[in-house]
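The values are calculated or read from the model by the stated rules, or taken from the named source; none is laboratory data. Here the structure is a predicted model, which is why all the values come from computation and not from measurement. With ideal geometry, Cβ positions are generated from the backbone for all residues, glycine too; neighbour counts draw on all protein chains shown.
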Amino acid sequence: MRSCSAPGKMILFGEHAVVFGKPALAMAVDLRVKASVNVSDQYSVNGHPMRARHHAYISAALDEAWDGPPLSVTTKSSIPSGSGLGSSAAVTVSTIGAILAERGQFDAERVARKAFEVEYLVQRRASPTDTSASTHGSGILVSPDRLDGFLWRIEKGTQEWNIHHCDVRKLTFVVGYTGVHAPTGPLVQKVKEFVESDAEGRKAIDRIGEIVMDGADAVAQADKPRLGALMRENHSLLCELGVGHPSIDKLIESCSEMCYGEKITGAGGGGSIIALTDAPKDVSEAISAVGGRPIIVRVGGSGVLVERQ
Ligand code: MEV
């Protein structure tokens, strides 16, 4: 048996715009998925026969990385699914990691490439942000240009994304999960249709790209007031792109007075917000009081790891 674990992620700036080739900044969070693979007499996931429709990411991961005898796959996750915290990326990365370890071919860059192919296939359109953040851990800056801290480059059609290591200062974020499950694929499609049909959409994408680079500088200086202002501007632009949701507004209203800034993280449409604050306990209580699920996250931990048996 081989086991691998991989973290969820939090996008600080740049979700959706990154699918159009703009930069993004993401960090690993201390919520993980552990996947184990075992040679077996039939393909199964958590004890049930594997079905491509129900186990889309795992089934695609096996197609991408395995051509041996049937495998049973078991997963254990502390990341709420559809929460915007990268649960499907972490499932994909940990499964691919375990398969490559079983084949004696484990290597972070190979995991990141294969995991991106799987997300792209399942979601039909994706950037490598979630899968590379889960693979590398710490923080990553995704950029159309090659910069300091370069890790790897991922290409799809005419697009390319350069993935860079990014030091993540000790910033405290509270995640507020709305409880509204919001799969990424349809939201990415909705933004695509808007951007292709409306000049305002294109402008919003361009401005988000600029915010990311300002935000990377503010992260390097741990400049919380500047980060907070940029988070709020990024959030408004995401709402213009059509991925806001009443459940998100409710959580933001509950805590904004105690925060430097807050925004959607991930695909939106429900999912989660992140709030940058010096008062995580008070913010958590405010989020709970309006029916959200608060999670105080530590950012910047390990990426994909082969677990000792
Ligand atoms: C989802 O976590 C992030 C999106 O930008 C999609 C992607 O980058 O693949 C919405």
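Within segment 1-103, which strands (runs of 3 or more DSSP E) (wholly inside it) include 3 or more residues that are small (Gly, Ala, Ser)?
Those strands (runs of 3 or more DSSP E) span 2-13, 24-39.
From the set of residues in segment 1-41 that are surrounded by fewer than 21 Cβ atoms within 10 Å (Cβ to Cβ) and closer than 30 Å to GLY157 by Cα, which is nearest to the ligand (Cβ to nearest atom)?
By that ranking, first place goes to PHE20.
Within segment 131-143, is there a residue that is in contact with an Asp or Glu (Cβ under 7 Å, 6 or more places away or on another chain) and part of a helix (DSSP H, G or I)?
Taking every residue of segment 131-143 in turn, at least one turns out to be in contact with an Asp or Glu (Cβ under 7 Å, 6 or more places away or on another chain) and part of a helix (DSSP H, G or I).
Could you tell me whether any residue of segment 226-244 is modelled with pLDDT of 95 or more, of a type in the set (S, T, N, Q) and part of a helix (DSSP H, G or I)? Steps first, answer last, please.
As a first pass, look at segment 226-244 and keep what is modelled with pLDDT of 95 or more: 226-244.
Cutting the leftovers down to of a type in the set (S, T, N, Q) gives us 234, 236.
Now narrow it down to the ones that are part of a helix (DSSP H, G or I): 234, 236.
Yes, some residue in segment 226-244 is modelled with pLDDT of 95 or more, of a type in the set (S, T, N, Q) and part of a helix (DSSP H, G or I).
Condition first: touching a residue at least 24 places away in the same chain (Cβ under 8 Å) and within 16 Å of the ligand (Cβ to nearest atom). Can you find one or more residues in segment 274-288 that meet it? Walk me through how you get there before you give the answer.
Of segment 274-288, the ones touching a residue at least 24 places away in the same chain (Cβ under 8 Å) are 274-278, 280, 282-284, 286-287.
After this cut, where a residue has to be within 16 Å of the ligand (Cβ to nearest atom) as well, the list is 274.
Yes, because at least one residue in segment 274-288 is touching a residue at least 24 places away in the same chain (Cβ under 8 Å) and within 16 Å of the ligand (Cβ to nearest atom).
Does segment 203-246 hold any residues that are of a type outside the set (A, V, I, L, M, F, W, C) and either surrounded by 21 or more Cβ atoms within 10 Å (Cβ to Cβ) or within 16 Å of the ligand (Cβ to nearest atom) (or both), and which are they? Break it down stepwise before answering.
Initially, segment 203-246 is screened for residues of a type outside the set (A, V, I, L, M, F, W, C), giving 203, 206-207, 209-210, 214-215, 217, 221, 223-226, 228, 232-236, 240, 242, 244-246.
If the condition is that a residue be of a type outside the set (A, V, I, L, M, F, W, C) and either surrounded by 21 or more Cβ atoms within 10 Å (Cβ to Cβ) or within 16 Å of the ligand (Cβ to nearest atom) (or both), then ASP206, ARG207, GLY209, GLY215, ASN234, HIS235, GLU240, GLY242, GLY244, HIS245 are the ones that fit.
Check segment 248-265 and report whether any residue there is among the hydroxyl-bearing types (Ser, Thr, Tyr), part of a helix (DSSP H, G or I), in contact with a Lys or Arg (Cβ under 9 Å, 6 or more places away or on another chain) and not assigned by TED's automatic domain parsing to the domain that holds GLY104.
Step one: filter segment 248-265 for residues among the hydroxyl-bearing types (Ser, Thr, Tyr), giving 254, 256, 260, 265.
Now drop any that are not part of a helix (DSSP H, G or I), which leaves 254, 256.
Still in the list and also in contact with a Lys or Arg (Cβ under 9 Å, 6 or more places away or on another chain): 256.
Those left that are additionally not assigned by TED's automatic domain parsing to the domain that holds GLY104: 256.
Taking every residue of segment 248-265 in turn, at least one turns out to be among the hydroxyl-bearing types (Ser, Thr, Tyr), part of a helix (DSSP H, G or I), in contact with a Lys or Arg (Cβ under 9 Å, 6 or more places away or on another chain) and not assigned by TED's automatic domain parsing to the domain that holds GLY104.
Can you name the residue in segment 93-130 that is closer than 20 Å to LEU187 by Cβ and touching an Asp or Glu at 6+ places or on another chain (Cβ under 6 Å) and is also farthest from the ligand (Cβ to nearest atom) among such residues?
Among those that are closer than 20 Å to LEU187 by Cβ and touching an Asp or Glu at 6+ places or on another chain (Cβ under 6 Å), it is VAL118.
Condition first: without any contact (Cβ under 8 Å) to a residue 24 or more places away in the chain and more than 17 Å from SER132 (Cα to Cα). Can you find one or more residues in segment 71-89 that meet it?
Of the residues in segment 71-89, the ones without any contact (Cβ under 8 Å) to a residue 24 or more places away in the chain are none.
No: segment 71-89 contains no residue that is without any contact (Cβ under 8 Å) to a residue 24 or more places away in the chain and more than 17 Å from SER132 (Cα to Cα).
Pick from segment 139-161 the residues that are of a type in the set (S, T, N, Q) and surrounded by fewer than 19 Cβ atoms within 10 Å (Cβ to Cβ): which of them is farthest from the chain's Cα centre (by Cα)? Write out each step before concluding.
Our first condition is that a residue be of a type in the set (S, T, N, Q); within segment 139-161, this holds for 143, 158-159.
Next, from what is left, pick out any that are surrounded by fewer than 19 Cβ atoms within 10 Å (Cβ to Cβ): 158-159.
Working: THR158: 23, GLN159: 19 Å.
Ranking the qualifying residues of segment 139-161, first place goes to THR158.
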